[in-house]
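Right, one structure below, let's go through it.
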Amino acid sequence: MDPNNRGPEEHGHDGEGHAPRQRPPRESLTSDFGQHAPAPARTVQLVSGDLLLTVNPVDGSEIEVCPPGERPARPEKLTAAERAEADRSAKPPVPPGPAQPALPLLARQDERERLVRLLARGRSVRLTGPAGSGRTSLLDLVAEDCADLAPDGVVRLNGFHRTTDDLLYDLFHAVYRAPLHRPDRDELLGYVREVGAVVVLDDIEFGGAALDQLLEATPECAFLIGATPDVPAPSADAAVEEVFLTGLDRADGVELLERAVGRVLTEEESNWAGDLWFESEGLPLRFVQAGALLRQRDRLRAGAEAVDEFGVFADAIPDDSLYDPAEGDDVPLPSLGEAAAPAPLLASRLSASARATLRFAVALGGEVPHQAHLPALVGDTHADAALGELAGCGLVSPVGSRYRLAAGVLTQLEAAGYDDDVQAGALTAAQHYAWWAGHPSVTPERVCAEADSVLAALAVLAPVTPEDGEESPAVRLARTAAPAFAAGLHWSAWERALRSGVEAARLAGDVAEQAYFHHELGILALCGGQLDRAGTELEASIGLRGALADKRGTVAGRRALALVADRSGITPAFDAVSSSVGVFGSTAGEEVPDARHDESASPPGGVPAPFPSLQRPAEPVGLVTHHTPSSSQSHKARGGIRGFARRNLAAAGAGALLVAVLGTVVTLGATSDNDARNPSDQVNPSASQGADDGSLGADVPENDDSGSSDTGVPASRPTDPGPDGTPGTTDDPTPSESAEPSDDPSGTQGTGGGSSSSPSKSPTKPSASPSKPSTSPTKPSNPPSSSPSTSTSPSPTTTPPPSSTPSTSTSASGPASSSAPASSSASAPQSSETGTPKSSGPLI
């Protein structure tokens with residue numbers, strides 16, 4: 001849209017010659033502020049080292065390796081104008097209301113000149129003084145004097161609740177133009193080494209080795225550090241000069257008090273100021289607060305006419321405290337005790353909005369909300385002026401770009417009863433900040449500027465267990481503020497908010513929110529290179545989301561855990577997670593996530609094939625395998641597959657053996673006939689091998705001189721094929737060399753020359769008694785059947801002959817029961833002393 005040349009669509013035409021669109025009618029009874037569609041979730045992409053982080057406040061942040069095309073270029077340094085703007089934003093805002101008189105810095109000229117000389121020579125200096133000694137005011141003046149000493153100017157940092165890494169990142173962003181870019185540790189050290197600036201660092205909370213690390217990382221910077229005496233001193237090897245601030249002398253204290261009141265003190269007030277100087281050890285803050293007490297006393301003595309004359313708000317003085325000159329009473333000076341702890345007395349004479357602001361500050365641990373939030377918190381449209389009242393009385397002091405209660409004020413107000421409703425005040429602040437931080441119009445930078453107040457509210461409400469059915473305000477505040485801290489690159493506040501959120505969600509029993517906070521903690525640890533911690537947090541998050549069947553969250557957690565495994569070389573344990581997700585599955589109406597292909601890293605030993613190919617061994621010998629103890633992971637991954645392969649191999653071998661046996665049986669049955677003289681018919685299929693003789697149920701023949709071997713094979717076999725010329729047929733001559741066939745039905749000859757004619761009741765029991773030598777051919781006890789042979793076995797005692805229907809079996813090992821069909825298997829013949837063939841056990 002051109003603001004100078006308005007198009008036809010802006011005059012009611014659509015630019016194509018059509019009639020203008022008619023404006024929809026407006027009903028007088030409808031509200032102008034109807035229900036609007038919910039604003040979409042605010043996602044921010046930023047680069048952390050070589051990782052691309054997408055801050056997603058709904059399902060959890062997503063992280064991946066940054067593509068080469070999306071990696072930011074080398075950051076450039078800010079210009080002089082941009083540095084001046086950054087310096088103004090680092091200072092606290094000017095309080096609204098009437099301008100307060102600027103108090104001079106008395107008796108600090110020598111320290112000021114010394115600090116400037118040391119910084120001009122490139123030396124780092126630590127200015128140590130108690131709280132309320134005017135340390136911050138002196139640092140501001142020295143920073144103005146050193147504006148042109150360094151090529152990168154003066155950089156103001158605040159060390160309150162900040163670590164060494166936090167300060168290094170703050171220095172990087174104060175000098176370089178790098179939006180949405182957080183370099184890794186090595187890149188950060190490379191960038192800050194090139195910074196040449198005077199760094200004014202106030203309210204530092206660490207010293208010793210941590211301070212040495214900060215100084216070594218910035219060799220081209222000169223630091224002006226402000227600290228209290230309770231902060232650890234620099235190490236002996238650190239090249240840091242020490243400058244100490246002491247209290248004012250009595251004359252300077254009285255002069256400061258007169259400047260604060262705006263008039264010359266009376267003799268009584270001068271004596272009162274001397275006592276105050278002795279008690280406060282000359283701290284300038286005590287004289288500023290004493291000046292506020294005297295100004296309030298003057299207003300009380302002057303009455304309402306003076307208030308109207310000087311333009312002070314009428315509600316600044318409570319109605320019950322107005323002094324009536326007609327009564328002739330005088331307002332006495334505050335006592336020495338009230339002057340030493342003036343906060344309760346000063347607060348009692350302030351406006352209601354100012355007192356409410358003090359209560360919020362006490363509830364937040366000393367943090368004063370920004371003046372823009374005071375009207376919403378207090379419920380007064382003019383409550384932003386309360387900050388000016390508090391600053392004029394010396395009850396608040398600047399800390400970085402915000403205000404806190406001055407030294408000792410928090411303790412004094414708590415003793416006066418301002419901490420009676422701490423939890424209610426923190427709850428009100430948390431509800432307001434939760435709504436404000438989640439508003440689409442609020443930038444992450446503004447939320448980061450109010451981080452200390454938000455974290456203070458979380459610290460108060462996180463340990464509180466909500467009632468059944470109520471939402472935890474701490475969980476809601478952490479849920480909305482944590483993504484803003486991440487997008488604003490205030491990652492120390494991000495971590496603190498997440499930990500407070502985990503605790504609050506655990507107490508509230510909110511599993512979904514607890515999983516979200518664990519996921520974000522894992523992402524934060526992954527960005528910081530803490531892989532073990534990242535894996536622990538992500539596994540906890542995946543487990544909780546798997547129990548809730550949260551597919552989107554589980555996918556995001558698995559992707560991040562796969563990246564952790566890729567960087568650490570350890571395969572993530574997804575078994576429990578997969579089983580939990582598989583149990584719940586997808587429910588009706590559940591939103592299915594976008595199709596994505598997620599693959600976990602391969603195990604170090606490779607993925608075994610589910611059905612390994614079976615190979616025939618090179619030689620038919622026994623295989624002796626030596627099992628080497630392996631790790632538990634490879635044992636679990638391959639033990640089941642190997643056992644499964646062995647079972648398959650055994651089953652295949654058994655099947656091959658069964659096929660061979662059946663083939664042998666079928667072949668023998670096909671080549672045999674019903675000729676009783678066939679040696680293959682004279683068999684005992686029910687014979688079995690003994691445990692001590694090595695035979696298959698037949699009697700072992702004795703060694704003789706007839707030429708037979710000890711294996712039972714006849715020395716000579718018939719070679720005449722008969723009239724048909726084919727061996728093995730019915731016309732072949734009988735191979736027996738004995739004088740006459742045996743009369744024994746079984747035809748089996750033992751070692752003692754005896755024979756047995758009783759059938760066996762147990763096919764596996766070997767013969768134990770000698771039998772008569774066979775002298776006659778075998779005579780069947782029953783008429784022949786269609787089966788080629790009859791199954792009988794030797795027995796030590798004579799039993800009745802078998803039934804007319806002989807019990808036979810098709811198995812090669814003999815009959816299984818008396819009702820089985822006839823067997824068609826046969827065995828090789830054996831020779832006796834006379835050369836008569838004898839039947840042996842079955843051939844398998």
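The values are calculated or read from the model by the stated rules, or taken from the named source; none is laboratory data. The shown structure was predicted, so the numbers you read here are calculated from the model rather than taken from an experiment. Cβ placement follows ideal geometry from the backbone for every residue including glycine, while neighbour counts extend to all protein chains displayed. Quick note on the areas: whole protein, heavy atoms, side chains included, nothing else; ligands and nucleic acids left out. Shrake-Rupley method; radii C 1.70, N 1.55, O 1.52, S 1.80 Å.
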Problem set entry | From Arg479, Arg446, Arg496, residue being over 22 Å from Val368 (Cβ atoms) and not hydrophobic (A, V, I, L, M, F, W, C) | Arg479
Exercise. Do we have Asp32 as more than 22 Å from Val142 (Cα to Cα) and either at pLDDT below 90 or part of a loop (DSSP other than H, G, I, E, B) (or both) here?
Worked result: yes
Problem set entry | Extreme residue, most open to solvent (accessible area, probe 1.4 Å), among residues of segment 59-104 that are assigned to a loop (DSSP other than H, G, I, E, B) and of a type in the set (D, E, K, R) | Arg74
Problem set entry | Residues (farther than 30 Å from Glu389 by Cα, assigned to a helix (DSSP H, G or I) and touching a residue at least 12 places away in the same chain (Cβ under 8 Å)) located in segment 110-144 | Glu111, Arg114, Leu115, Val116, Leu118, Leu119, Ala120
Problem set entry | Residue that is least open to solvent (accessible area, probe 1.4 Å), among those in segment 149-179 that are more than 17 Å from Glu85 (Cβ to Cβ) and among the small types (Gly, Ala, Ser) | Gly159
Problem set entry | In segment 535-548, the residues that are among the hydrophobic types (A, V, I, L, M, F, W, C) and either modelled with pLDDT under 95 or more than 9 Å from the chain's Cα centre (by Cα) (or both) | Leu544, Ala547, Leu548
For this session: Return yes when Ala107 is within 40 Å of the chain's Cα centre (by Cα), of a type outside the set (Lys, Arg), modelled with pLDDT under 90 and in a loop (DSSP other than H, G, I, E, B) and no when it is not.
Result: no
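Quick grid of which residues meet (1) touching a residue at least 60 places away in the same chain (Cβ under 8 Å); (2) among the hydroxyl-bearing types (Ser, Thr, Tyr):
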position: Ser335; (1), (2): no, yes
position: Ala339; (1), (2): yes, no
position: Leu345; (1), (2): no, no
position: Gln371; (1), (2): yes, no
position: Thr381; (1), (2): no, yes
For this session: Please find, within segment 118-148, the residue that is most open to solvent (accessible area, probe 1.4 Å) out of those that are aliphatic (A, V, I, L, M) and under 21 Å from Ala238 (Cβ atoms).
Result: Ala120
Exercise. Mind checking which residues of segment 631-664 are modelled with pLDDT of 75 or more, open to solvent by less than 70 Å² (accessible area, probe 1.4 Å) and either among the hydrophobic types (A, V, I, L, M, F, W, C) or touching a strand residue (DSSP E or B) at 6+ places or on another chain (Cβ under 9 Å) (or both)?
Worked result: Ala650, Ala651, Ala652, Ala654, Ala656, Ala660, Val661
Seminar exercise, completed: Checking Leu188, Leu180 in turn, the sole residue that is under 23 Å from Pro234 (Cβ atoms), of a type outside the set (D, E, K, R) and within 36 Å of the chain's Cα centre (by Cα) turns out to be Leu188
Problem set entry | Residue ID - farthest from Arg263 (Cα to Cα), chosen from residues in segment 309-343 that are modelled with pLDDT of 80 or more and assigned to a loop (DSSP other than H, G, I, E, B) | Ala341
Exercise. Can you name the helices (runs of 4 or more DSSP H) wholly within segment 360-470 that have at least 3 residues being farther than 30 Å from Gly226 by Cα, of a type in the set (Gly, Ala, Ser) and open to solvent by less than 40 Å² (accessible area, probe 1.4 Å)?
Worked result: 422-437
